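Below is one structure, written out as C-alpha cells; the observations come after it.
The values are calculated or read from the model by the stated rules, or taken from the named source; none is laboratory data. Not measured: the values here are computed from a predicted model. Glycine also receives a Cβ, built like all others from the backbone with ideal geometry; neighbour counts cover every protein chain displayed.
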Amino acid sequence: MDNKVEKIVKQIKALEDELIDELKNKEKEFFYKIENEKIKFEDSVINKGKAKIRSSINYLSSFTFLAVLTIPFIWAMMIPAFIVDISVTIYQIICFPIYKIPKVRRRDYVILDRYNLFYLDRVEKINCFYCEYFNGVIAYVQEISARTEQFWCPIKHSKPLKYKHTRYNKFFDFGDYTTYREELETRRSDFKDIEEKGKN
C-alpha cells in the first residue's frame, strides 16, 4: 500500500474513533447510560416519552393501505436472513481457523437493543427488531465475506466502488501483477489490525 493511501486510511480510522467518542456524548444528551451492556434511561425521561406513545393503530394508519399490504413480503425476508445468519456462522467456525483468519464477532454487528426504547409502540418495536436484525446480519455477512476475499482474492476492482468493505484497502491494485505475485502470501494473512483491535 503506498504512503498516501496509508495516510488516508489512518485519517479515516482517526475519524471513526472521533465519531465513537461523539456518539458516547449522545448518552448524556438523551439521559441514558450503559451499565453491564444494558441501557438505563432516567425515570423522568421515560415518563415523558411514554406519555407521547401513539397507539399501534394510529401508527399503522399513517401509512397507505398498499404499504400495509407489503408487510407479509417484508417479513418473509426473515427466513432467508435467518438461514444466511446460521450458514455463515457455521462457515466461519469451520473455515476461519484453517485460513488463520480472526473470527467475526456476531455481537458487534447484530445488535438488538431497540426494545429499550420506551417511546415506541408495539408495532414500531417489532419493525425495529426486523430492521436491526436484518441489517445486522447483512453487515455480519459482509465482514465474513470481506475477510474471506482478502484470503482468496485480494484484488481491487478496475472501477471505483460506491461502498468499500473494511478489508478493501488491503487489496492489490487492479493490474498490479508484480506486487500481487511478490506479496500475495503476506497480504492474504495480514489481519494484524483486527488482532490489535481485539486486544484493546
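Considering only the stretch 151-170, state which residues are out of contact with any Phe, Trp or Tyr (no Cβ under 7 Å at 6 or more places or on another chain) and in contact (Cβ under 8 Å) with a residue 24 or more places away in the chain.
Kept after step one, since they are out of contact with any Phe, Trp or Tyr (no Cβ under 7 Å at 6 or more places or on another chain), are these residues of the stretch 151-170: 152-153, 159-170.
Matches in the stretch 151-170: 152, 169, 170.
Can you tell me which residue among 94, 111 is free of Cβ contacts under 8 Å to residues at least 40 places away in the same chain, assigned to a loop (DSSP other than H, G, I, E, B) and β-branched (Val, Ile, Thr)? Outline the logic, then answer.
Numbers: 94 fails: assigned to a loop (DSSP other than H, G, I, E, B).
That would be 111, the only listed residue that is free of Cβ contacts under 8 Å to residues at least 40 places away in the same chain, assigned to a loop (DSSP other than H, G, I, E, B) and β-branched (Val, Ile, Thr).
Of the residues making up the stretch 176-196, those that are outside any helix (DSSP H, G or I) and within 26 Å of the chain's Cα centre (by Cα) are 189, 190, 191. Examine the stretch 43-54 for a residue that is modelled with pLDDT under 90, touching a strand residue (DSSP E or B) at 6+ places or on another chain (Cβ under 9 Å) and among the aliphatic types (A, V, I, L, M), and state whether such a residue exists. Yes, the conditions are met somewhere in the stretch 43-54. Each residue in the stretch 130-150 was checked for being closer than 23 Å to residue 177 by Cβ and touching a residue at least 24 places away in the same chain (Cβ under 8 Å), and 2 pass.
All conditions in (1) touching a residue at least 24 places away in the same chain (Cβ under 8 Å); (2) in a helix (DSSP H, G or I); (3) of a type outside the set (A, V, I, L, M) hold for residue 102, with the sole exception of (2). Close Cβ contacts (under 9 Å, 6 or more residues apart or on different chains) running from residues in the stretch 34-56 that are closer than 23 Å to residue 123 by Cα and among the charged types (D, E, K, R) to residues that are surrounded by 10 or more Cβ atoms within 10 Å (Cβ to Cβ) and modelled with pLDDT under 75 comprise 38/116; 40/32; 40/33; 40/34; 40/116. For the stretch 92-111, the condition of being out of contact with any His (no Cβ under 7 Å at 6 or more places or on another chain), within 30 Å of residue 170 (Cα to Cα) and at pLDDT below 70 holds for none of the residues.
Just to check your reading of the model, which residue among 34, 71, 39, 83 is touching a strand residue (DSSP E or B) at 6+ places or on another chain (Cβ under 8 Å), surrounded by 10 or more Cβ atoms within 10 Å (Cβ to Cβ) and modelled with pLDDT of 70 or more?
Numbers: 34 fails: modelled with pLDDT of 70 or more; 71 fails: touching a strand residue (DSSP E or B) at 6+ places or on another chain (Cβ under 8 Å); 83 fails: touching a strand residue (DSSP E or B) at 6+ places or on another chain (Cβ under 8 Å).
Every option except 39 fails the conditions.
For the stretch 59-81, which residues satisfy the criterion of being free of Cβ contacts under 8 Å to residues at least 24 places away in the same chain and part of a helix (DSSP H, G or I)? 61, 65, 66, 67, 68, 69, 71, 72, 73, 76, 79, 80 - these are the residues of the stretch 59-81 that are free of Cβ contacts under 8 Å to residues at least 24 places away in the same chain and part of a helix (DSSP H, G or I). Of all the residues in the stretch 100-145, those that are more than 30 Å from residue 44 (Cβ to Cβ) and either surrounded by fewer than 16 Cβ atoms within 10 Å (Cβ to Cβ) or out of contact with any Ser or Thr (no Cβ under 8 Å at 6 or more places or on another chain) (or both) number 22. The residue that is nearest to the chain's Cα centre (by Cα), counting only those in the stretch 146-165 that are outside any helix (DSSP H, G or I) and surrounded by 15 or more Cβ atoms within 10 Å (Cβ to Cβ), is 165.
Among the criteria (1) surrounded by 11 or more Cβ atoms within 10 Å (Cβ to Cβ); (2) over 21 Å from the mean Cα position of the chain (by Cα); (3) without any contact (Cβ under 8 Å) to a residue 24 or more places away in the chain; (4) within 21 Å of residue 100 (Cβ to Cβ), the one residue 173 does not fulfil is (4).
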